[in-house]
Amino acid sequence: MHIHAYEKLWLAASILLILLLIGSVTYGAVGPGVAMVSDTEPAIDAGGLDEDERFSEPRVEQVGENEYEAYVVAYQFGFEPDPIVVPENSRVTFYVTSRDVIHGFEVAGTNANTMVVPGEVSEITVETDEPQEYGLICNEYCGAGHHVMEGKVNVVS
Ligand code: CUA
């Protein structure tokens, strides 16, 4: 196959653009207060959360010296538990699922932010620093009460 020089140039330019896009998505995960990484595990029965080991009792559990796991359920129109109480200077992984429709899970003023999809478990890890009360907001339209759907994340000493 014969490729003209300018076609090679275009090819190189488009590959570079793709790499830049991937880079910009992968990057951008660090911010003030809490830093986060996010990904999503598949497969949970949104209608059967009451029987689910992790989500029948939404809670925060200590899993290491300064390590915690928070199991959070989003619903129309709130979050459970509320407030979510986590210690300062620790690493907290939030596992968030929905019992009804798509919601958002955004810790206001930080870049901790994920979509919450029924049937899936979204995972976000944050590092807490000083005690502070954060608002928790839903940033996906989820019905009539969307604008009043909120919670709290309290970082305590
Ligand atoms: Cu839940 Cu908007």
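Computed from the coordinates by the stated procedures, all read-outs in this text should not be read as laboratory data. Nothing here was measured: the structure is a model prediction, and the numbers come from that model. Glycine gets a Cβ as well: all are built from the backbone with ideal geometry, and neighbour counts include every protein chain shown.
Which of the chymotrypsin sites (Phe, Trp or Tyr not before Pro) found in segment 60-157 are in a DSSP loop and have at most 16 neighbouring Cβ atoms, other than their own, within 10 Å?
Those satisfying the criteria are Tyr141.
Express in nm, to one decimal, how much length is gained between Asp100 and Asn154 on full extension, taking 0.36 nm for each residue of separation and deducting their alpha carbon distance.
In short, 16.9 nm is gained.
Once the Cα gyration tensor of segment 33-156 is diagonalised, what are the square roots of 5 times its eigenvalues, in whole Å and ordered largest first, as equivalent ellipsoid semi-axes?
On the way: eigenvalues 91, 55, 30 Å².
One finds semi-axes of 21, 17, 12 Å for segment 33-156.
Using bins 5 angstrom wide from zero, how does P(r) for segment 113-157 break down, in % of all Cα pairs?
Over segment 113-157, the share of Cα pairs per 5 Å bin runs 5, 17, 19, 26, 18, 10, 4, 0 percent.
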